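Every number here is computed from the coordinates shown, using simple stated rules; none is lab data. Just so it is clear, the structure is predicted and the values come from calculations on it, not from any experiment. Reconstructed Cβ throughout: ideal geometry from the backbone, glycine too, with neighbour counts over all protein chains shown.
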C-alpha cells in the first residue's frame, strides 16, 4: 500500500480510527478531547483531503468516512 498522500494529525487520526470502528462510518460522536473550533477544523481537513464526506439530510448533516478514509485508518493501524 502506498503511503498516505496527506499525513494525518493526531486529532484526525483519532477521529478516523473511531469512525472506522463504527459500522455506519459516521464521524460523530467525536473523541472527548476534540471540542469547539478544533472539531470543525479537524472535520473540514478530512473532507478537504477526501477522507470524509458531508451528507445532507432533511433534518441534519452527518460527516461520514469515505473509502479513502477507511484505507487511511487501516494504514495508520498497520504502522503502529
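To keep it simple, each residue is scored yes or no on (1) free of Cβ contacts under 8 Å to residues at least 40 places away in the same chain; (2) in contact with a helix residue (DSSP H, G or I) (Cβ under 9 Å, 6 or more places away or on another chain).
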| position | (1), (2) |
| --- | --- |
| 10 | yes, no |
| 15 | yes, yes |
| 21 | yes, yes |
| 24 | no, no |
| 31 | yes, yes |
| 46 | yes, yes |
| 49 | no, yes |
Which of the residues belonging to the stretch 48-64 are farther than 12 Å from residue 12 by Cα and either out of contact with any strand residue (DSSP E or B) (no Cβ under 9 Å at 6 or more places or on another chain) or assigned to a loop (DSSP other than H, G, I, E, B) (or both)? 48, 50, 57, 58, 59, 60
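I'm checking my understanding of the structure. Among residues of the stretch 33-44 that are without any contact (Cβ under 8 Å) to a residue 24 or more places away in the chain, out of contact with any helix residue (DSSP H, G or I) (no Cβ under 7 Å at 6 or more places or on another chain) and under 24 Å from residue 75 (Cβ atoms), which one is surrounded by the fewest Cβ atoms within 10 Å (Cβ to Cβ)? Let's see the steps before the verdict.
Of the stretch 33-44, the ones without any contact (Cβ under 8 Å) to a residue 24 or more places away in the chain are 33-37, 39-41, 44.
Within this subset, residues satisfying the condition of being out of contact with any helix residue (DSSP H, G or I) (no Cβ under 7 Å at 6 or more places or on another chain) are 33, 35-37, 39-41, 44.
Okay, now just the ones that are also under 24 Å from residue 75 (Cβ atoms), so 33, 39, 41, 44.
Working: 33: 9, 39: 16, 41: 14, 44: 13.
Of everything passing the filter in the stretch 33-44, 33 is surrounded by the fewest Cβ atoms within 10 Å (Cβ to Cβ).
Among the residues of the stretch 15-47, how many are within 12 Å of the chain's Cα centre (by Cα), over 17 Å from residue 71 (Cβ atoms) and part of a helix (DSSP H, G or I)? Break it down stepwise before answering.
Step one: of the stretch 15-47, the residues within 12 Å of the chain's Cα centre (by Cα) are 15-22, 25-31, 39-47.
Next cut, over 17 Å from residue 71 (Cβ atoms) only: 26, 28-31, 39-44.
Next, only the ones that are part of a helix (DSSP H, G or I) stay: 39-44.
The total comes to 6.
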